[in-house]
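Below: one structure, written as structure tokens.
The values are calculated or read from the model by the stated rules, or taken from the named source; none is laboratory data. Keep in mind that what you see is a predicted model, and the values were worked out from it rather than measured. These accessible areas exclude ligands, DNA and RNA; they are computed on the full protein's heavy atoms, side chains included. Shrake-Rupley method; radii C 1.70, N 1.55, O 1.52, S 1.80 Å.
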Amino acid sequence: MEVLHFLFGVFGNATALFLFLSPTITFKRIIKSNSTEQFSGVPYVMTLLNCLLSAWYGLPFVSKNNILVSTINGTGAVIESIYVIVFIIYAPKKEKAKILGLFAFVLTVFSAVALISLFALHGNGRKLFCGLAATIFSIIMYASPLSIMRLVIKTKSVEFMPFFLSLFVFLCGTSWFIYGLLGHDPFVAVPNGFGCGLGTMQLILYFIYRDNKGCPEMKKQSGNGSIELGAEKKGNGKVLQDEQV
């Protein structure tokens, strides 16, 4: 059982790393154009908060046998921090102020959770408090593709929802869901069970609409846009997720 627990944790690390790295194409575009254009920086800041809280939850003095949760989320926190810094550098003045304020909010929330759990809580109370915080923001992160799922249903096209992204959302959610079940940890199992369900829904939508070419009007509006997890592109009253591998 412990071996299976470890193996699913390692597999979860690999699939989650793919998801964390998926925005690199978008940031290459931002750096090349010297502008954030109409891309939103909010998803990266919120994913950073999720990574920080989950990495903290996985530490041995908060929850036992969850070090693999800390390793991938610690890595994710570094990656997301780089995204946020790059976004702030290239964002226009108004958007820069907005993201800096949200970034300060994220650091404040994480610091508060860490300090309260260290000095005011112990044992199961500490695990419960940190676990609830991590669970809430994990669910928010997994829910980010809902807008693109609505777009797929509306246009009857999967042009803006790449198969491999949907597959890795499913694999990541499933592996961490099983990891949480094997470790008897609801704070890992519940949010990732949610992610597994969303990944399944994306794959079902993909196979339903995969042969459709999509609506020419949507293609015109989207330009060169494709998708990545959690990244939204603003404009024209629509919400599109941006570039993906």
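Some notes on this structure:
- Nearest-ten-degree value, helix 67-90 long axis tilted from longest Cα axis of the chain: 40 degrees
- With DNA, RNA and ligands ignored, accessible area of Asp185 (1.4 Å probe; Å², nearest 10): 10 Å²
- Each part reduced to its alpha carbon centroid, region 111-174 and region 17-35 end up 20 Å apart.
- In the context of the full set of protein chains, residues of region 24-127 present 49 Å² of accessible surface per residue (probe radius 1.4 Å, heavy atoms only).
- Its Kirkwood hydrodynamic radius, worked out from the mean inverse distance over all distinct Cα pairs, puts the chain at 18.6 Å.
- Computed with a 1.4 Å probe over protein heavy atoms only, the accessible surface of region 142-210 comes to 42 Å² per residue.
- Structure note, pairs Lys28/Lys64; Lys32/Lys94; Lys32/Lys96: Cα-Cα distances above 27 angstrom occur for Lys28/Lys64.
- Size descriptors for region 18-118, from the alpha-carbon set: Rg then Dmax equal 14.8, 46 Å.
- Residue by residue, region 170-179 carries 3J(HN,Hα) couplings of 5, 5, 5, x, 5, 5, 6, 5, 5, 4 Hz when phi is fed to the Karplus relation 6.51 cos²θ - 1.76 cosθ + 1.60 (θ = phi - 60°); x denotes Gly or Pro.
- With every protein chain in place, the chain: carbon and sulfur % of accessible area (1.4 Å): 70 percent
- Using heavy atoms of the protein chains and a probe of 1.4 Å, the accessible area assigned to Ser138 is about 20 Å².
- Contact order, relative form, for the chain: 27 percent (alpha carbon pairs under 8 Å, 6 or more residues apart, mean separation divided by residue count).
- Choice from Ala16, Ala143, Ala134 with maximal GNM fluctuation in the chain (Cα, 10 Å cutoff): Ala143
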